[in-house]
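The values are calculated or read from the model by the stated rules, or taken from the named source; none is laboratory data. Just so we're clear, the structure is a prediction, and the values are computed from it rather than from any experiment. Cβ sites come from the backbone with ideal geometry, for glycine too, and all protein chains shown count toward neighbours. Side chains are part of the model used for accessible areas, which takes the heavy atoms of the whole protein and leaves out ligands, DNA and RNA. Shrake-Rupley method; radii C 1.70, N 1.55, O 1.52, S 1.80 Å.
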Amino acid sequence: MWQGIIEKYRKFLPVTDRTPIVSLSEGNTPLVRAHSLSELLGSEVYLKCEGLNPTGSFKDRGMTVAVSKAKENGAKVVICASTGNTSASAAAYAAKAGIRCVVLIPKGAVALGKLSQAMVHAAQVIAVDGNFDKALGIVREIAEHTPVTLVNSVNPFRLEGQKTAAFEICDQLDGRAPDYQVIPVGNAGNITAYWKGYTEYKTAGHVSSVPVMLGFQAEGAAPIVRKKIVSKPQTVATAIKIGNPASWKSAERARDESGGLIDMVTDREILEAYRFLAAKEGVFVEPASAASVAGLLKLKRKSFFKKAGKKSVIVCILTGHGLKDPASALLGVKKPKTVRADTRAVIKAMDL
Ligand code: AN7
C-alpha cells in the first residue's frame, strides 16, 4: 500500500522512528507519455503530473516532511506566505496534524481554488496589501521573533520532501534519469530540490546519470533570467508571480552544475501551452505549470534538442492542477452554446 513519500523514501529523508508522520499519501503521481509533444519534438516526452497530489500541487511532498518535523519539534503554529499552493498544502497538513496554520497571501493575486482550500482547511488567511515577496519577508521576520514554525521552502525540510519527485521519475523510467527536465521556476525551491534528488540518487547508485535542468520563469517575473530583482512582477501564472526568489542562488547552481539554462516565456506562450496540454494531451494544469511546456516549445523552435543527436528522454514537470485556477481556464475559450431542451436542437448544435 502506498503510504506517502516519507515511507517510500525514508532512508533519504531526515526522519527517525520518533518522527510522527503526517501524510495524506502524497507522491506516486503519474508519469504520462505525451504522444503529441513527443511527435512534435522527435523525442520521448513525459509529463510528471504533480497536480495529482492530495491538495493538487507538488507542494505536498515538501509539506509532509515540514509538518511532520514541526510536529516532532512540538510546534503549535505553522506559518507561510504563498502565491496559493503552499498555503493550500500547509493548511491541509496542519489540519491533519492538529496544528494551527496561518497563511499570508498577496491580496487579490491568489487563484480561487487555492484560496478556498486554505479557508476550508481552517487556516487563518491574512491578505497582505503587497506582493508575495513582501509577504515572505514578513513571515520570515515573524518566525524569527515568535514561536511559530515557518513552512515556506526556506525551511530545508520542504526541499528534502520535494526532492523525492526526482527519485520517483527515475523509478518510473525503470532506473534511468531523463536526459532533460523542464520545470517552471518561481521561488526556485523546486528546481533546487529536483537537482538535489537527482544527484543523491546517482550517488546512491540508483541511476548512472543526471538530467540537464531547464527552468522557465514568466517573462514579467523573471529575476533570475534578468539577473535582477523584479519589484513589480506580472504574469497570468499567479503561482510564479515572484520577483525575488528565496532559492535564487541554489537554482543557479542547479542550472550550472547540470549544464542547463533558466529562460523565460511570455504569458501568451504559457496560455498556448496550457491549451495545447489540455486539448492534445488530455492533461489539465494551472497556467504556471504550462510554463514548462511553453519552455519546451520555445527550445524546440530554437532547435535546441537537435544537437543531442539521439532520441532524448524529456520530462516536463506539471506542478499544479488545472482546477486550482478556474478563471484562467475560461480565458479566451468559447462559452457553451445554449439550446432548447430538445433532442433535435442538441443534434443540430453538435455540427456532426
Ligand atoms: C503550480 O505556493 O511559491 O520555483 O507560494 O504553485 O519552487 O517556487 C508556488 C510556486 C510552480 C514554482 N508551479 O515553484 C507558493 C509558491 C506552481 C506553483 C511554482 C509554484 P518554486
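Test THR149 against the criterion of being in contact with a Ser or Thr (Cβ under 6 Å, 6 or more places away or on another chain) and of a type in the set (Val, Ile, Thr), and give yes or no. In short, no.
Screening PHE216 with (1) over 26 Å from LYS8 (Cα atoms); (2) surrounded by fewer than 22 Cβ atoms within 10 Å (Cβ to Cβ); (3) more than 9 Å from the ligand (Cβ to nearest atom) gives one miss only, at (2).
Is segment 274-283 home to any residue that is part of a helix (DSSP H, G or I), surrounded by fewer than 24 Cβ atoms within 10 Å (Cβ to Cβ) and among the acidic types (Asp, Glu)? Yes, segment 274-283 contains a residue that is part of a helix (DSSP H, G or I), surrounded by fewer than 24 Cβ atoms within 10 Å (Cβ to Cβ) and among the acidic types (Asp, Glu). Among residues of segment 322-347 that are closer than 21 Å to LYS114 by Cβ, those with a Cβ under 6 angstrom from a residue that is open to solvent by 70 Å² or more (accessible area, probe 1.4 Å) and not in a helix (DSSP H, G or I), sequence gap 6+ or separate chain, pair up as GLY322/PHE284. Look at (1) part of a loop (DSSP other than H, G, I, E, B); (2) of a type outside the set (Gly, Ala, Ser); (3) within 12 Å of the ligand (Cβ to nearest atom) and you find that HIS206 fails only one, number (3). Going by what's in this entry, would GLY186 be described as within 16 Å of the ligand (Cβ to nearest atom) and in contact (Cβ under 8 Å) with a residue 12 or more places away in the chain? So GLY186 fits the description; yes. Of all residues in segment 39-53, those satisfying the criterion of being away from the ligand (no atom under 16 Å from the Cβ) and open to solvent by less than 10 Å² (accessible area, probe 1.4 Å) are SER43, VAL45.
A count restricted to segment 136-152 and to residues that are of a type in the set (A, V, I, L, M, F, W, C) and farther than 22 Å from ILE242 by Cα stands at 1. For residues in segment 223-261 being assigned to a helix (DSSP H, G or I) and either among the aliphatic types (A, V, I, L, M) or on the phi > 0 side of the Ramachandran plot (or both), which is farthest from the ligand (Cβ to nearest atom)? Within segment 223-261, the match that is farthest from the ligand (Cβ to nearest atom) is VAL225. When THR338 is tested against (1) within 15 Å of the ligand (Cβ to nearest atom); (2) of a type outside the set (D, E, K, R); (3) farther than 25 Å from GLY51 by Cα, exactly one condition is not met: (1). Across segment 167-183, the number of residues qualifying as within 13 Å of the ligand (Cβ to nearest atom) and either in a helix (DSSP H, G or I) or open to solvent by 10 Å² or more (accessible area, probe 1.4 Å) (or both) comes to 0. Quickly run through segment 26-66 and pick out the residues that are of a type in the set (Phe, Trp, Tyr) and either farther than 29 Å from VAL15 by Cα or in a helix (DSSP H, G or I) (or both). Of everything in segment 26-66, just one residue is of a type in the set (Phe, Trp, Tyr) and either farther than 29 Å from VAL15 by Cα or in a helix (DSSP H, G or I) (or both), namely TYR46.
Scanning segment 67-78 for residues that are open to solvent by 10 Å² or more (accessible area, probe 1.4 Å) and either assigned to a loop (DSSP other than H, G, I, E, B) or touching a Lys or Arg at 6+ places or on another chain (Cβ under 9 Å) (or both) returns GLU72, ASN73, GLY74, ALA75, LYS76, VAL77.
Looking for something among the aromatic types (Phe, Trp, Tyr), within 16 Å of the ligand (Cβ to nearest atom) and part of a helix (DSSP H, G or I) - is there at least one such residue anywhere in segment 303-323? Within segment 303-323, not a single residue is among the aromatic types (Phe, Trp, Tyr), within 16 Å of the ligand (Cβ to nearest atom) and part of a helix (DSSP H, G or I).
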